[in-house]
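Student: Dropping the structure in here first, questions after.
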Amino acid sequence: MSGAVPWNEARAHEIITAHLGLECPVLPVLHALQKEFGYLSAEAISLLAKALNISRAEMYGVITFYDHFRIEPPGRHELKLCRAEACRSMGSEKVAREFLDSQHLDWRQTAADNSLTVDAVYCLGLCAHSPAALYDGDPIGRVDAPKLAALAQEAKSA
Amino acid sequence: MTKIFVPRDMAALAMGAERVVAAIEKEASARGESVQIVRNGSRGLLWLEPLIEVVTPQGRIGYGPAAAAHVPSLFDAGFLTGGAHALCIGKVEDHPWWARQNRVTFARVGVIDPLSLEDWTAHGGGRGLARAFEVGPAATIEEVTKSGLRGRGGAAFPTGAKWKRIAATKAPQCYVVCNADEGDSGTYADRMIMEGDPFTLIEGMTICGFANGASKGFVYLCCEYPQAADVFSKALEIARAADWLGKNVRGSDFGFDIELRVGAGAYVCGERTSLLESLEGKRAVVRVTPPAPSLVGLFGRPTVVNNVMSLASVPVIMDKGGDYYAGFGMGRSRGAMAMQISGNVKYGGLFEAGFGLTLGEIVNDIGGGTFTGRPVRAVQCGGPCGAYFPTSLFDTPYDYEAFAALNAMVGHGGLVVFDDSVDLAQMARASMEFCALESCGKCTPCRVGSIRGVETIGKIIAGVDVDANIALVEDLCETMKLGSLCGLGGAIHMPILSALHLFPEDFRKAALPAAAE
């Protein structure tokens, strides 16, 4: 996602150290590392496991439990399309399928030019404006084909 | 200087509130008008978002749903003095959708500046805590018990009884955990409180901490709500700086602080024990109870786990009394409920009123029927694990017991409306897919059963051995219900069996040659 910087061990160390004072810092520090570097790389997992004195396997187990955490680098932009019931009541599945087909993508995939990663999400709390989406953290209501096409275009150009 | 409200609520943002604000600023400066824009929460009349409100001597005049393109014409029409315009809905408080409600927990949401302690106290904020300090912990728990408040997260367990258990442990350290992992489709009440009246949640948690002898609270918020996280973090800082949190809350010798934690996209974390596992930094696998979290909770300490709406209802209960709160509602469902009318609906939004309206009143009179204009066919109540209601059950009162008698649940207050294009067999399969995706993996019936369920409902949809496969799904649902520890595997039978029993024709389409389109 936009804003992510390349791996930097000193910076990662700094982020981890800043969180160690919290009561059980695992989730906050995972969020912070992913925000900084875009995803949780093997180096990041290794470093964090060591700092928390747990095995890498255990760390990996925690990370992969949660859909939000990534162990692969995402595209420059991230689109989360809601697939929950309220959005389905407004035809979200059809809109999403047609969009994915038009981009030659499937759920959880990244475009070949690395511009966009499309993810599924189950409820954004925008259920009176279904179908709903999040684009780089910005909420979008009443999602339709033209809005999605414009976003894909925007992702390519920035 | 004219005061204008434009919500920063996530739903308003999703419909272009930022562009509206930018347009108002630009137009005002071009015309030399002096305006002050306050970013409030949403009043919950969501179909009108972004809803601009202008403060005039006659009251707050509303204009919505506004787009940036409307702004020049709004200025032309003199909206700064409440001038007539096609988007004008008149005085917002007089709008029937608002006037018909009983705003109790949500009294300030959308009305005040969410990050102004001054505005909050001017509207009665903080009085509940003052009252709690005055009467002491035991009487506080008594008042909450008297209110009849039941857990608004979904399980509807009496809040007072839960608090009594924790207070009885007399543990040297215990925790308050606020469950803000609002994952149910069709719901946004927690989000609206955190974005629209965050100090009231802080106050409710503080009262809870005071009553139960806890000095530390956590809010576990779902990661799908970045705006709520932002507003609530700011509110925490402001509250700390003004002694609403800290070592000596409001100058007393009671110390309490709150930490915001953000989840990571696991629906099961809405279940209290997996939420605690997640807070502890583990895979959010459901715990076996007993012991309940009220005895062995976060880090092994007694822990109150309450939903946002439950905790945010406590200040008004303390301020106006348990009897006032219990005066709303019907039967054993006391107080006001925030019904979140969602999905394919014309007037979607958050409608707070006492329990007891019928489903038909909520969907047709208040919700105005479907957005698409087609006939209503089904309403799913209580989130992804809640039952589908056909219109023939629209006389059912909105009440915990009346719903339970139909093998349905009120849950967290979501109502998702579907028009006649819905295929309930497809929805039933989607429920199983959701369960498979979100299962924590602890209980075999949920982990494996959901996958078998997707396959079996798929066979029914394809017309393969329909009768035998329907019997299999019924049996599977029973096994999942009885063999799962938590309310995911344990309740996912509700949407599936209600679809199967109340909309049987959708499961036999493949068998009917006439149904071929």
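The values are calculated or read from the model by the stated rules, or taken from the named source; none is laboratory data. Just so we're clear, the structure is a prediction, and the values are computed from it rather than from any experiment. Neighbour counts run over all protein chains shown; Cβ positions are idealised from the backbone, glycine included. Areas reflect the complete protein model, heavy atoms only, side chains present, ligands, DNA and RNA absent. Shrake-Rupley method; radii C 1.70, N 1.55, O 1.52, S 1.80 Å.
Student: On a straight-distance basis, which aspartates and glutamates could pair with B:Lys91 in a cross-link, Cα separation under 18 angstrom, same-chain partners fewer than 8 positions away excluded?
Tutor: Result set, ordered by chain and number: B:Glu49, B:Glu53.
Student: Another one. So how do B:Trp97, A:Trp7 rank on accessible area, 1.4 Å probe, biggest first, that is with the largest at the start?
Tutor: So, going from the largest accessible area down, we get A:Trp7, B:Trp97.
Student: Total accessible area buried between chains B and A, 1.4 Å probe, in Å² to the nearest 100?
Tutor: 3700
Student: Apply the Karplus parameterisation 6.51 cos²θ - 1.76 cosθ + 1.60, with θ equal to phi minus 60°, to every residue of region B:376-387 and state each ³J(HN,Hα) to the nearest whole Hz, in sequence, with x for glycine and proline.
Tutor: 5, 10, 8, 9, 9, 10, x, x, x, 9, x, 7
Student: Let me ask something additional. So how far, in whole Å, is the C-alpha centre of region B:23-89 from the one of region B:381-428?
Tutor: 37
Student: Angle between the Cα long axis of helix A:56-65 and the longest principal axis of chain A, 0 to 90 degrees, nearest 10?
Tutor: Between helix and principal axis, roughly 20 degrees.
Student: How much solvent-accessible surface does B:Glu142 expose, in Å² to the nearest 10, with a 1.4 Å probe and all protein chains in place?
Tutor: 100
Student: While we're on this one: List the lysines whose Cα sits under 21 Å from the Cα of B:Lys26, skipping any in the same chain fewer than 8 residues away.
Tutor: List returned: B:Lys3.
Student: Further, regarding this structure: Relative contact order of chain A: what whole-number percent is it, with Cα pairs under 8 angstrom and at least 6 residues apart?
Tutor: Taking the mean separation of contacting Cα pairs over the length of chain A, I get 20 percent.
Student: With every atom except the alpha carbons ignored, what do you get for Rg and Dmax of region B:358-476, in angstroms?
Tutor: 15.7, 43
Student: Got a number for the accessible area of B:His501? Probe 1.4 Å, square angstrom, nearest 10.
Tutor: Taking all protein chains as shown, B:His501 has close to 100 Å².
Student: Starting from the Cα coordinates of region B:332-419, work out the convex hull volume and express it per residue in Å³.
Tutor: Output value, Cα hull per residue: 74 Å³.
Student: Roll a 1.4 angstrom probe over the protein heavy atoms and tell me the percent of accessible area of region B:2-95 that is carbon or sulfur.
Tutor: 52
Student: What's log10 of I(q)/I(0) for region A:9-65 at q = 0.15, 0.26, 0.28 Å⁻¹, Debye sum over Cα points only, no solvent?
Tutor: -0.34, -1.15, -1.35
Student: While we're on this one: Given H placed on each backbone N at 1.01 Å, which residues far from B:Val305 in sequence or on other chains put an amide H within less than 5 Å of it?
Tutor: Hits under the 5 Å cutoff: B:Val177.
Student: May I pose another question? Between 0 and 90 degrees, rounded to the nearest ten: what's the tilt of helix A:26-37 against the longest Cα principal axis of chain A?
Tutor: For helix A:26-37, the angle is close to 70 degrees.
Student: Can you give the relative contact order of region A:9-65 as a percent, counting alpha carbon pairs under 8 Å and 6+ residues apart? Spell out each step's value before the answer.
Tutor: Details: 27 pairs, mean separation 15.3, N = 57.
Worked out over region A:9-65, it gives 27 percent.
Student: Counting each DSSP H run of 4 or more residues in chain B as -39500 (n - 2.57), what helix-only mean residue ellipticity at 222 nm follows after dividing by all residues, to the nearest 500 deg cm²/dmol?
Tutor: Counting only the DSSP helices, I get -11500 deg cm²/dmol.
Student: Accessible area, 1.4 Å probe, largest first: how do A:Tyr135, B:Tyr267 sort?
Tutor: Largest accessible area first, the residues go B:Tyr267, A:Tyr135.
Student: Against the 2.2 N^0.38 Å scaling, with N counting residues, where does region A:1-144 land? I'd like the Cα-based Rg ratio to two decimal places.
Tutor: Here the Cα radius of gyration is 1.17 times the empirical estimate.
Student: On C-alpha positions alone, give me the angle between the axis of helix A:145-157 and the longest principal axis of chain A, in degrees, nearest 10.
Tutor: Roughly 40 degrees between the two axes.
Student: Here is a further query. Over all Cα pairs of chain B, how is the pair count split among 10 Å bins, expressed in % and running from 0 up to the last occupied bin?
Tutor: Values per bin, smallest distances first: 4, 19, 27, 26, 16, 7, 2, 0.
Student: Contact order normalised by length for region B:332-419, with contacts defined as Cα pairs under 8 Å and 6 or more residues apart; what percent is it?
Tutor: 37
Student: State which entries of A:Lys50/B:Lys282; A:Lys147/B:Lys509; A:Lys35/B:Lys234; B:Lys247/B:Lys320 exceed 22 angstrom in Cα-Cα distance in the structure shown.
Tutor: A:Lys147/B:Lys509; B:Lys247/B:Lys320
Student: Give the accessible area for B:Asp257 in Å² (nearest 10); use a 1.4 Å probe, count only protein heavy atoms, and leave out ligands, DNA and RNA.
Tutor: For B:Asp257, solvent-accessible area is about 50 Å².
Student: With both partners inside chain B, how many of the DSSP beta bridges are antiparallel, as a percent to the nearest 5? Each step should come with its number before you reach the end.
Tutor: Working: 29 of 54 bridges.
So the antiparallel bridges in chain B amount to around 55 percent.
Student: Further question: So what are region B:262-333's ellipsoid semi-axes, whole angstrom, largest first, if each one is the square root of 5 times an eigenvalue of the alpha-carbon gyration tensor? Kindly include the intermediate steps, with their values, before the conclusion.
Tutor: Numbers: eigenvalues 176, 37, 29 Å².
Each semi-axis is the square root of five times an eigenvalue, giving 30, 14, 12 Å.
Student: Okay, moving on. Looking at the protein assembly as shown only, what percent of DSSP beta bridges run antiparallel? Nearest 5 please.
Tutor: 55
Student: Taking a cut-off of 20 Å, what percent of all Cα-Cα pairs in region B:425-515 are separated by more than that?
Tutor: 27
Student: Taking the Cα centre of chain B as origin and charging only Cβ (+1 Lys, Arg; -1 Asp, Glu), how large is the dipole, in debye to the nearest 20?
Tutor: 1140
Student: Could you name the aspartates and glutamates whose alpha carbon sits less than 20 Å from that of B:Lys459, not counting residues in the same chain fewer than 8 places away?
Tutor: Here the aspartates and glutamates satisfying the reach criterion relative to B:Lys459 are B:Asp423, B:Glu433, B:Asp467, B:Glu474, B:Asp475, B:Glu478, B:Glu505, B:Asp506, B:Glu517.
Student: P(r) tail for region B:2-95, what percent of Cα pairs lie past 20 Å?
Tutor: 23
Student: Considering only C-alpha atoms, what is the centroid distance from region A:33-54 to region B:276-342, in Å?
Tutor: 34
Student: While we're looking at this one, here's another question. I'd like the Kirkwood hydrodynamic radius of the protein assembly as shown, using the inverse of the mean 1/r over distinct C-alpha pairs, in Å.
Tutor: 25.7
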